[in-house]
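Notes follow the structure.
The values are calculated or read from the model by the stated rules, or taken from the named source; none is laboratory data. Model, not experiment: these values are computed from the prediction. Please note: Cβ atoms are built from the backbone with ideal geometry, for glycine as well, and neighbour counts cover all protein chains shown. Ligands, DNA and RNA are stripped out before the accessible areas are found, and what is left, the full protein with its side chains, is counted by its heavy atoms. Shrake-Rupley method; radii C 1.70, N 1.55, O 1.52, S 1.80 Å.
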Amino acid sequence: MPSSHFSLRRHTPSKPKVCKTPPKPPPLIPPPPPPPWPPPKLKITFTIKDPNRTISRTFTIQKQSNKSPYDYYGYSTEGRAFANAQITDLNGTARLNPYETSYYDDYGYYDFYNGSLTDTPKTFFDIKISVWGWHTPPQATCEATYTYSPSELI
C-alpha cells in the first residue's frame, strides 16, 4: 500500500516585527491666513425697542474709504434703516466707532448716535453695542451687533 507522508506540524504565527525607527510625524498644517484687513464690509443687526413695539433689521454696510479711519455705511434692502460706523487702526488692534444707527417708518423715527467705542483685534469679530451717547425718542433702546465673519467675505 502506498504510504503518504503528511506532516502534522502545528502552525504558529510569527512574532510581529518591531520597527526600530520612530514613525515620521504628520506633516504640519500651516495656520490659515489672517482675514483681509480692513474688513471690506460689516454685517449689522439691530433691535430697537420702545414701549409700543420692537423693530429688527439685518443688513450690510460697505467700506467707503481706503485709509484709516475706515468709514462704513449702508441701507437695508427694504430701506428705512441706515447705519454708519468707523474703524480706526491702532497699534496691533482696531477701534470700532458705531457712529449712527437709524430707522424710520410711518409710525416713528428712531435715531441712535455715538455708540460706545470698542477695541477689537484685527481679525473676525462680533461686537454688541447697547450704550449710545444720544438717541431719540428718549424711551427707545437699541442693541446693535457689528459682525465681521468669513461669510462677509463672499
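Quick look at the numbers
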| read-out | value |
| --- | --- |
| Yes/no for Ala85 being open to solvent by less than 20 Å² (accessible area, probe 1.4 Å) and in contact with a Pro (Cβ under 7 Å, 6 or more places away or on another chain) | yes |
| Qualifying positions in the stretch 34-56 - open to solvent by 60 Å² or more (accessible area, probe 1.4 Å), farther than 18 Å from Ala94 by Cα and not β-branched (Val, Ile, Thr) | Lys49, Pro51, Asn52, Arg53, Ser56 |
| First in the stretch 42-53 and outside any strand (DSSP E or B), second anywhere and surrounded by 15 or more Cβ atoms within 10 Å (Cβ to Cβ) and not basic (Lys, Arg), Cβ under 9 Å, 6 or more apart | Pro51/Ala140; Asn52/Gly108 |
| Any hit, the stretch 99-121, residues being assigned to a strand (DSSP E or B), in contact (Cβ under 8 Å) with a residue 40 or more places away in the chain, among the charged types (D, E, K, R) and within 22 Å of Ser149 (Cα to Cα) | no |
| Subset of the stretch 59-76 [open to solvent by 80 Å² or more (accessible area, probe 1.4 Å), in a strand (DSSP E or B) and polar (S, T, N, Q)] | Gln62 |
